[in-house]
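Here the structure comes first, spelled out in structure tokens, and everything after it is commentary.
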Amino acid sequence: MEHKFRSVIGKVLLWMALCGVVALIAAAFYQASSFYLMIALPLVLITALAYDRFQSKHAVLRNYPIVGRLRYFFEAIRPEMRQYFFESELDGKPFNRRQRSIVYQRAKNERETVAFGMQVDPYLQGYEWVSHSIYPKKLKDTDLRITVGNASCEQPYSLSVLNIGAMSFGALSKTAILSLSHGAKLSGFAHNTGEGGISPHHVKGGGDLIWQIGTGYFGCRDAEGKFDPALFEKNSKRTYVKMIELKLSQGAKPGHGGILPAAKNTPEIAEIRNVVAGTTILSPPAHSTFNNASGLMRFIAELRELSGGKPVGFKLCIGSEAEFIDICAAMISTGITPDFITIDGAEGGTGAAPLEYTDYVGMPLLDALAFVNHTLSEYDLRDRIKLLASGKIITGFDIMKALALGADACYSARGMMMALGCIQALKCDSGKCPVGIATQEKSLYKGIDVTDKKHRVANFHRNTIHATVELMEACGFGDLEEIDPERFHRRIDSTRTMNFKDIYFPKIRKLAASN
């Protein structure tokens with residue numbers, strides 16, 4: 001209701017001001033006087049300011065009226081002048097302009113076609129493509145869902161192949177979290193809470209939650225920061241918690257702990273995380289409840305029992321291959337298997353991480369997926385465990401590459417942020433996010449209109465799933481199980497290409513044999 005009221009007010013102000021400006025300009029020409037033009041100019045600026053404040057579609061304009069319009073002005077002229085003054089479609093990191101644009105277009109339900117052919121050079125090293133079929137198929141089931149939960153799980157969950165990646169309240173604003181949760185509800189997919197605990201904003205949106213638990217045990221910790229079984233049981237049995245994900249490490253900074261500074265530890269965040277407000281809280285690099293693979297498996301079993309049999313898994317960025325092989329051996333020796341494993345690639349992002357960890361620590365996603373998929377198969381565990389993939393996944397092609405190498409479903413975090421309106425300002429660690437997503441400043445996060453942004457999140461999910469379905473059909477894949485790594489190719493140099501099966505799996509077989 002508030003959204004519609006603000007929109008109507010903005011439009012009324014705009015039309016009144018435009019009528020006034022037209023009248024003043026007409027009077028200036030009729031009387032041959034510049035006096036009326038001098039009045040018209042400030043009126044135009046005041047009108048633009050008022051309209052930007054009242055409109056709800058663009059957070060940048062709500063937070064930075066008038067000045068924010070310079071961005072959209074340059075956006076408009078960029079196609080004609082980009083080769084002289086602006087970045088090209090393939091420039092920009094970590095996501096180039098072409099990647100960002102497809103998210104915006106799908107989130108807004110705008111035209112997402114491109115004109116005049118490909119802009120990447122298909123003969124450059126690293127170019128990737130998928131082989132289509134001259135006999136396309138029509139998928140019967142276009143919802144693209146999997147069931148998570150093995151024989152030990154009493155409450156299996158139907159999971160979309162695309163879901164919201166882990167982002168905590170605290171890292172993201174309350175309006176961002178609320179928009180994501182609402183969007184997940186609208187389009188029927190899951191929302192990972194991140195390790196910061198379950199906030200009221202996660203709950204209010206009504207979306208299904210994957211509760212992530214990190215080394216700080218936020219939301220299930222005692223006064224000393226240790227795991228509290230009773231508190232975990234209470235929170236995990238909430239009906240909207242559908243899965244539990246134990247975070248061992250993340251791709252952006254694997255093996256690195258975190259700090260919640262006292263200044264950011266507000267009473268609201270402290271209540272959610274079950275900590276004392278106004279104090280500095282540490283998230284250590286390692287868990288305190290276990291220190292080896294067998295202990296990890298026993299903790300998984302404990303979480304499953306306490307939650308009433310909900311799917312429980314763990315998330316990690318692959319570092320030492322031998323350590324993951326040790327985990328597989330522990331599954332065999334203990335008889336305990338997780339319901340899912342989330343593989344976070346080294347290309348995963350976060351609001352703030354040391355450069356060395358961001359750029360040089362951890363295994364990239366596709367290599368890690370191939371390794372984990374093969375190793376689980378070698379131990380005859382693959383059929384019991386679903387694999388979730390996380391790391392720069394935003395398009396249907398990204399999803400299909402991950403599925404081809406072993407993933408069953410995917411997360412997208414930064415893609416969902418862009419659906420909210422993220423402009424890749426790279427200010428996440430400053431608390432000064434210009435569009436109000438990665439900030440706790442009310443003057444900034446109030447720029448996010450939940451009524452509008454929740455639909456953009458749902459649109460992005462729905463349109464990306466649709467694009468994935470169309471791509472699968474073009475390749476002749478009748479269902480998710482048919483997606484084949486041999487159909488995906490990468491250029492090795494100007495004259496040689498290899499398919500994904502030959503690139504990844506021979507190397508994995510040799511690695512497993514050496515261990």
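The values are calculated or read from the model by the stated rules, or taken from the named source; none is laboratory data. If you're wondering where the values come from, they're calculated on a predicted model, not measured in any experiment. Quick reminder, even Gly has a Cβ in these numbers, built from the backbone with ideal geometry, and neighbours come from all protein chains shown.
One line per residue, one yes/no per condition, for (1) free of Cβ contacts under 8 Å to residues at least 12 places away in the same chain; (2) on the phi > 0 side of the Ramachandran plot; (3) not assigned by TED's automatic domain parsing to the domain that holds Ala346:
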residue: Phe371; (1), (2), (3): no, no, no
residue: His374; (1), (2), (3): no, no, no
residue: Asp380; (1), (2), (3): yes, yes, no
residue: Asp383; (1), (2), (3): yes, no, no
residue: Ala389; (1), (2), (3): no, no, no
residue: Thr395; (1), (2), (3): no, no, no
residue: Met400; (1), (2), (3): no, no, no
residue: Gln424; (1), (2), (3): no, yes, yes
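If you take the residues of region 220-235 that are out of contact with any His (no Cβ under 9 Å at 6 or more places or on another chain) and not in a loop (DSSP other than H, G, I, E, B), which of them is modelled with the lowest pLDDT?
Checked region 220-235; the qualifying residue modelled with the lowest pLDDT is Arg221.
If I ask for residues that are over 16 Å from Ile213 (Cα atoms) and assigned to a helix (DSSP H, G or I), which ones from region 236-269 would you list?
Passing the criteria: Ala262, Ala263, Lys264, Pro267, Glu268.
Taking region 440-496, which residues are over 27 Å from Ala370 (Cβ atoms), hydrophobic (A, V, I, L, M, F, W, C) and over 20 Å from the mean Cα position of the chain (by Cα)?
Hit for region 440-496 is Leu444, nothing else.
Quick check on region 316-335. Is at least one of its residues more than 20 Å from Ile385 (Cβ to Cβ) and surrounded by fewer than 17 Cβ atoms within 10 Å (Cβ to Cβ)?
no
Which condition from (1) in contact (Cβ under 8 Å) with a residue 24 or more places away in the chain; (2) more than 20 Å from Asp429 (Cα to Cα) is the one that Pro284 breaks?
If we test Pro284 against (1) in contact (Cβ under 8 Å) with a residue 24 or more places away in the chain; (2) more than 20 Å from Asp429 (Cα to Cα), just (2) comes out false.
Within region 182-220, track down each residue that is under 16 Å from Lys234 (Cβ atoms) and aliphatic (A, V, I, L, M).
Ile198, Val203, Leu209, Ile213
So which helices (runs of 4 or more DSSP H) are wholly in region 417-515 and hold at least 3 residues that are surrounded by 21 or more Cβ atoms within 10 Å (Cβ to Cβ) and not hydrophobic (A, V, I, L, M, F, W, C)?
The helices (runs of 4 or more DSSP H) meeting that bar are 450-475.
Could you list all residues from region 169-200 that are under 26 Å from Ala301 (Cβ atoms), modelled with pLDDT under 95 and small (Gly, Ala, Ser)?
Gly194, Gly196, Gly197
For residues that are surrounded by fewer than 23 Cβ atoms within 10 Å (Cβ to Cβ) and under 13 Å from Ile213 (Cβ atoms), tally how many sit in region 301-313.
2
Hey, can you tell me all the residues within region 366-400 that are in a helix (DSSP H, G or I) and closer than 19 Å to Gly349 by Cα?
Those that are in a helix (DSSP H, G or I) and closer than 19 Å to Gly349 by Cα: Leu366, Asp367, Ala368, Leu369, Asp398, Ile399.
Pick out the one residue from Val120, Val130, Val161 that is surrounded by fewer than 16 Cβ atoms within 10 Å (Cβ to Cβ) and in contact (Cβ under 8 Å) with a residue 12 or more places away in the chain.
Unique residue meeting the criteria: Val120.
Report whether or not Ala176 is assigned by TED's automatic domain parsing to the domain that holds Ala301, of a type in the set (A, V, I, L, M) and part of a loop (DSSP other than H, G, I, E, B).
no
Only residues that are on the phi > 0 side of the Ramachandran plot and either among the aromatic types (Phe, Trp, Tyr) or in contact (Cβ under 8 Å) with a residue 12 or more places away in the chain (or both): list them for region 321-364, please.
Answer for region 321-364, where residues must be on the phi > 0 side of the Ramachandran plot and either among the aromatic types (Phe, Trp, Tyr) or in contact (Cβ under 8 Å) with a residue 12 or more places away in the chain (or both): just Gly362.
State the number of residues belonging to region 304-320 that are under 25 Å from the mean Cα position of the chain (by Cα) and either free of Cβ contacts under 8 Å to residues at least 40 places away in the same chain or not in a strand (DSSP E or B) (or both).
Number satisfying all stated conditions: 5.
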